[in-house]
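Everything on this sheet refers to the single structure shown next.
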Amino acid sequence: MTYCFYICVCLCLVIFQTTIIPHISLFNNFYDLLVPFIIYLGLFRSARESIPFILVLGFLMDNLSGAPFGLYVTTYFWLFIIVKLVIRYLHARNNILLLFIVAAGVLMENIIFIASVSIQGPDLQFSAITIRTVIFQILWAVCTGFFFLIFFNHIHKKLEKWFNEIIAEKTKII
Amino acid sequence: MIVVNIIILSVNGSRYSSYGSGRIAIFFIAPLQKTVNQSVQFLKNIWSHYFFLVSVAKENDNLKKAINHAIDKNNKYREIEISNFRLRNLLNFRKTMPNRVLVAKVIGRDRSPWFKTIIIDKGKSDGIEKGLPVVVPEGIAGQIIDVSCNYSKVLLIIDQNSAVDVLVQRTRDRGLVKGQSDGRCLANYVLRKHDIKVGDTVISSGLDGVFPKGLRVGYISEIVKRNSGMFQEVTVTPYMDFEKLEEILVVLDPPKHDFVSEQ
């Protein structure tokens, strides 16, 4: 059930961000929508349950993107680990944490990407447009990341409750 | 009595006379009549207007639907017109190409600002192979880097991992165009002594073994000559807007170069 939920959400997010978002000029500088999902997994779900899915998700994104193979797996995996380390010291439901953690995640993803691109071509020049894109992504993440986290958590809880009720009813019938 | 009554009626019938009682009756009854009549009229008006408004509202709804339908239809026609223009352009370009080409539709894009790839709706089953060049009427678009049964991934020339061997059309000077993160390209290895100017068209040289010779890559938008160094820094801006790419052509039989030396 949980994995079904993860698969559905991620498919929707991947398709949404690769097919619909490019047509909406307002979202030209929108961040990777899978980042809030990875952070949600890090904040609210167990490592044993999440890590296999994160690896599969990273693999999928590596295949869809033009990034060097393994970059998304690396990014998502380390993002998840860092979130797990952060919530060791900070309360996971702290609203201020939720407000900025997605932005921090987006920044981290971009730093890993920059590092990867720099390794490939040390003579690379980062243009003002790229820097501006990253800044806009972070601003978008600050404005919307919190809502994504709340939304994922809410939907997942509802689905779990619904699923448990169905199972309880079935066991009663038996 | 009947006879007397008939006589009185016949006498009164010949000339109208109410003997003043009519005025009194009117004085008392008429205001009531007026009030009642006005009330009835008022109710009648409300009644008729209520139904009228309902019918108007219904008519309004129908008209709104019709307008929306017409707008939708108009939009579809406009979209068809635009895509017709685009496809005609593509077809005309296709006719000018000596190579066999396949039209494909862009169905997905990489959202990352660091990597510029697109997904197209043609794959192995359509004859596409890894490494084939992708072109559009405005010039070179990229290269196939991954192929599945029905879909392929294209690395655009503005990606940092992309490189195209080019010539400046006017002077025939060579260089190597590489993608930059800002959607433009940088022409590397253009010697300082070469007399190139801003606005010069850059075309593919065909020497990279991937792209056919003579296809447009872009135009020179900036030249920086440092005090030292062998080369000049040349910025090339592609003619097309890669954000607006919708259909592309995959060259199925690019020129092949045999690089094996004969011994």
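Quick note: the coordinates plus some simple rules give every number you see, no bench work behind them. Since this is a predicted model, take the numbers as computed values, not measurements. Please note: Cβ atoms are built from the backbone with ideal geometry, for glycine as well, and neighbour counts cover all protein chains shown.
Would you calculate, for the protein assembly as shown, the mean residue ellipticity at 222 nm contributed by helices, counting each DSSP H stretch of 4 or more residues as -39,500 (n - 2.57) and dividing by all residues, to the nearest 500? Write out the running numbers ahead of the final one.
Working: 8 runs with 223 residues, N = 437.
Dividing the helical sum by the residues of the protein assembly as shown leaves -18500 deg cm²/dmol.
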message = Ranking request for peptides A:24-37, B:63-76: highest mean number of other beta-carbon atoms within 10 Å first, then the rest in descending order.
response = A:24-37, B:63-76
query = Counting Lys and Arg as +1 and Asp and Glu as -1, what is the net charge of the other residues whose Cβ lies under 15 Å from the Cβ of A:Leu159?
reply = +1
ask   = What angle do you read, to the nearest 10 degrees and between 0 and 90, between the alpha-carbon axis of helix A:128-173 and the longest principal axis of chain A?
value = 10
task = Based on a Kirkwood Rh over C-alpha pairs, give the Stokes-Einstein translational diffusion coefficient of the protein assembly as shown at 20 °C and viscosity 1.002 mPa s in µm²/s.
result = 77
task = Go ahead and set up a Gaussian network model of chain B, Cα springs under 10 Å, then flag whichever of B:Ile223, B:Ile120, B:Ile24 fluctuates most.
result = B:Ile24
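Within 10 Å of each Cβ of A:17-29, how many other protein chain Cβ atoms are there on average?
On the way: counts 5, 7, 5, 0, 2, 9, 2, 0, 1, 0, 1, 3, 2.
Counting Cβ atoms of other protein chains within 10 Å of each residue's Cβ and averaging gives 3.
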query = Which percent of Cα-Cα pairs in the range B:37-192 sits in each 10 Å bin, short to long?
reply = 9, 22, 24, 14, 8, 7, 7, 6, 3, 1, 0
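Could you tell me what fraction of 2.2 N^0.38 Å the Cα radius of gyration of the range A:1-157 comes to, as a two-decimal ratio?
On the way: Rg = 15.2 Å, N = 157, 2.2 N^0.38 = 15.0 Å.
Scaled against compact globular proteins, the figure is 1.01.
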query = How far, in degrees from 0 to 90, does helix A:71-89 lean away from the longest principal axis of the Cα atoms of chain A, to the nearest 10?
reply = 60
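Starting from the Cα coordinates of the range A:7-90, work out the convex hull volume and express it per residue in Å³.
Values: hull volume 8.4 nm³, N = 84.
Cα-based convex hull of the range A:7-90, divided per residue, equals 100 Å³.
Averaged over peptide A:63-75, how many Cβ atoms belonging to another chain are found within 10 Å of each residue's Cβ? Don't skip to the end; give the middle numbers.
Numbers: counts 3, 8, 10, 18, 7, 2, 0, 0, 3, 1, 0, 0, 0.
Across the residues of A:63-75, the mean count of other-chain Cβ atoms within 10 Å is 4.
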query = Which lysines have a Cα lying under 18 Å from the Cα of B:Lys116, excluding residues fewer than 8 positions away in the same chain?
reply = B:Lys105, B:Lys130, B:Lys153, B:Lys178, B:Lys244
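Could you compute the longest span of chain B free of chymotrypsin sites (Phe, Trp or Tyr not before Pro) located in DSSP loops and having at most 14 other Cβ atoms within 10 Å, not counting the site residues? Walk me through the numbers on the way to the answer.
Working: sites that count: B:Tyr16, B:Tyr19, B:Phe259.
Looking at chain B, B:20-258 is the longest stretch - no exposed chymotrypsin sites (Phe, Trp or Tyr not before Pro) with at most 14 other Cβ atoms within 10 Å.
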key: Principal-axis tilt of helix B:21-96 within chain B, Cα atoms, nearest 10 degrees   = 20
inquiry  = Can you compute the radius of gyration and Dmax for chain B, using only the Cα atoms, both in Å?
reply    = 42.0, 152
